[in-house]
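Structure first, then comments.
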Amino acid sequence: MSTAVIGCLVIAAAVTVLIRQGAGKFTEVISHDFLMFLELLPKILAGCLIGAFVTMLLPREVVARWVGGESGVIGIIIAMLVGICLPGGPFAIYPVTAALVGLGADVGAITAFITAWSLLGFNRALVWELPFMGGDFVFWRVIISIPLPILVGLFARMLANAVASSGEVK
Amino acid sequence: MDMSLTFFVEAFLWVVVVGLAVLALARGKILFREATRDGTMDFLRTLPRIFLGVVGSGFLAEVIPQDLVVRSIGPESGMLGVLIATVLGAVTPGGAVVGFAIAATALRSGGGAPQIIAYATAWALFAIQRVVVWELPTVEARVVWLRVAASLPLPFLAAIGAMLIGRP
């Protein structure tokens, strides 16, 4: 669905460029971006292969046991480290998260895990973000984001406790 | 992008691929073949979307009104710009490249770095479409809402971090 919407927007933008700025500009944009697309291909193939191999080698139950086994700040830090290393898109990460919930991992570790995967995951940053945003942007964004999974894990745990105790009062 | 960095990243990724392939082969030929096939299929499935994202961001950057970008999320837009960028990140569809394509477009047309970082962080953590389509059907709702609520301040923290260190 969203791909179709973006497709329509892109076609509209391309037509606008063609009409407003002429065929020269149109060819310039498309040839520049096509080169960028070609440069991306080997990186994305590598990223997809890494995702498939890790999924085969590390069943989600094993990952969930690592993350869910520890509590406290140590649990949050382990969750963060696993999140950084685990490749794959949302279709790979949410089943692992569901397994974590099933194994009784706490909300803090689960939140730290998803946050680390989203903000610091090396596969995601190198394969997807780097080609678009450039090395300087990705490097500094990652440096700034390093404390965030721990912070958000602790915060989510506080929220969960607050919700639980307000439930008891009622 | 810097040529040597591109080369380094690419070499690193393929070293990881080869290492994992050796590990998979040690576990058996069938596992190796299945993983290679799955990975290649993933690659072929994402190709059209990537093409759209890369070529699309080029055309969108050409037609987007630059002064609008600069005024709403430019370097001088401050915390209001961060707020606007965070909301935009939340409503961007959660596919593989859409958010990065838009972020790259905004960066090319005059967006400020802290604002773009807030956009990318919000999109990564709580793009509404991804939470609804992917996360809620698989993960217990209580956990999802707690995670999203705890994540709401993060785009602001990341943007403030970028403002404080003055990078990127």
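Relative to the longest principal axis of the Cα atoms of chain A, helix A:148-169 runs at roughly 50 degrees. Computed over neighbours whose Cβ is under 12 Å from that of A:LEU126, the net charge equals 0, Lys and Arg +1, Asp and Glu -1. Cα convex hull, region A:100-151: 65 Å³ per residue, rounded to a whole number. Region A:141-162 and region A:1-33 have their alpha-carbon centroids 40 Å apart.
Distance from the C-alpha centroid of region B:135-157 to that of region B:63-106: 21 Å, rounded to the whole angstrom. Residue by residue along A:98-106, Cβ atoms of other protein chains within 10 Å of the local Cβ number 2 on average. A Gaussian network model of chain B, with springs between Cα atoms under 10 Å, assigns the largest mean-square fluctuation among B:PHE51, B:PHE12, B:PHE59 to B:PHE12. Given springs between every Cα pair under 10 Å in a Gaussian network model of chain B, which of B:ALA85, B:ALA149, B:ALA35 has the largest fluctuation? Judging by the Gaussian network model, the answer is B:ALA35.
Any idea what % of Cα-Cα pairs in chain A are farther than 29 Å?
Details: 5503 of 14365 pairs.
It works out to 38 percent of all Cα pairs.
Based on C-alpha pairs under 8 angstrom that are at least 6 apart in sequence, region B:66-165 has a relative contact order of 33 percent.
Compactness ratio for region B:3-61: Cα radius of gyration over 2.2 N^0.38 Å (N = residue count) comes to 1.52. Compare the Cα positions of A:LEU40, A:TRP140, A:VAL107 along the charge dipole of chain A (+1 at Cβ of Lys, Arg; -1 at Cβ of Asp, Glu; about the Cα centre) and return the one farthest towards the positive end. So the residue furthest toward the plus end is A:VAL107. Ranked by the mean number of other Cβ atoms within 10 Å of their residues, highest first, the peptides A:29-39, B:98-108 come out as B:98-108, A:29-39. Evaluated over the Cα positions of region B:92-156, the convex hull gives a direction-averaged projected area, one quarter of its surface, of 4.2 nm². For the protein assembly as shown, the convex hull drawn through the C-alpha positions has a volume of 140 cubic angstrom per residue. Positive-end ranking of B:LEU107, B:THR92, A:PHE53 along the dipole of the protein assembly as shown, with charges on Cβ about the Cα centre, is headed by A:PHE53.
Neighbouring Cβ atoms from other chains, within 10 Å of the Cβ of residues in A:141-154, number 5 on average. Dipole check for chain B: with +1 at the C-beta of Lys and Arg, -1 at the C-beta of Asp and Glu, and the Cα centre as origin, the magnitude is about 400 Debye. Highest mobility in the GNM of chain B, judged by mean-square fluctuation with C-alpha springs under 10 Å and restricted to B:GLY39, B:GLY112, B:GLY81, is found for B:GLY39.
Rg/Rh for region A:1-57 stands at 1.20; both radii use Cα atoms, and Rh follows the Kirkwood definition.
Quick check: convex hull of the Cα atoms in region A:14-110, volume per residue, rounded to a whole Å³?
Convex hull volume per residue, Cα atoms: 137 Å³.
Shown here are the Rg and Dmax of the Cα trace of chain B, at 19.2, 58 Å. When each of the peptides A:50-56, A:99-105 is scored by how many other beta carbons lie within 10 Å of its residues on average, the order from highest to lowest is A:50-56, A:99-105. Charges were assigned to the Cβ only: +1 to each Lys and Arg, -1 to each Asp and Glu. The resulting dipole of the protein assembly as shown about its Cα centre is roughly 380 debye.
Other protein chain C-beta atoms within 10 Å of residue C-beta, averaged over B:43-54: 6.
Throughout, read-outs are computed from the coordinates displayed, never taken from laboratory work. Here the structure is a predicted model, which means the values were calculated and not measured. Note that each Cβ is placed from the backbone with ideal geometry, even for glycine, and that neighbours are counted across all protein chains shown.
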